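The values are calculated or read from the model by the stated rules, or taken from the named source; none is laboratory data. Predicted model only: the values in this text are computed from it and were never measured. Note: ideal-geometry Cβ built from the backbone for every residue, glycine included; neighbour counts use all protein chains shown.
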């Protein structure tokens, strides 16, 4: 029966850096991530700094919340580029998310307005 590994697969610091990168890529604050994990913001900060480890259960939770594979979190494969990462301005990205929550009819009206504005700007 194999014993406990002598050395962690990924260091706490590297794990924290990967979690921070994924959190930022998904445009979440530490507070928002903490709330969904059932932790405090200071706990998330400690995890991201590498001062605190995480459980296997938390790895699975993070994978779901951050829409990432557990292998990405644990450093077994590179962090995939998020399709939304093309929009780097946080305020603009948040506006797009709010538009996405509007009823379809309101979205179409807004897009017609934007299209009319852009056609005049060209």
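Some observations on this one:
Matching residues to (1) modelled with pLDDT under 90; (2) farther than 29 Å from residue 91 by Cβ:
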| position | (1), (2) |
| --- | --- |
| 5 | yes, yes |
| 34 | no, no |
| 39 | no, no |
| 56 | no, yes |
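- Looking at 102, 110, just one residue is more than 18 Å from residue 12 (Cα to Cα), surrounded by 12 or more Cβ atoms within 10 Å (Cβ to Cβ), over 15 Å from the mean Cα position of the chain (by Cα) and at pLDDT below 90, and that residue is 102.
- Verdict on residue 48 being farther than 29 Å from residue 96 by Cβ, assigned to a helix (DSSP H, G or I) and either assigned by TED's automatic domain parsing to the domain that holds residue 95 or touching a residue at least 24 places away in the same chain (Cβ under 8 Å) (or both): no
- Condition met for residue 30 (in contact with a helix residue (DSSP H, G or I) (Cβ under 9 Å, 6 or more places away or on another chain), assigned by TED's automatic domain parsing to the domain that holds residue 11 and either closer than 20 Å to residue 9 by Cβ or at pLDDT 90 or above (or both)): yes
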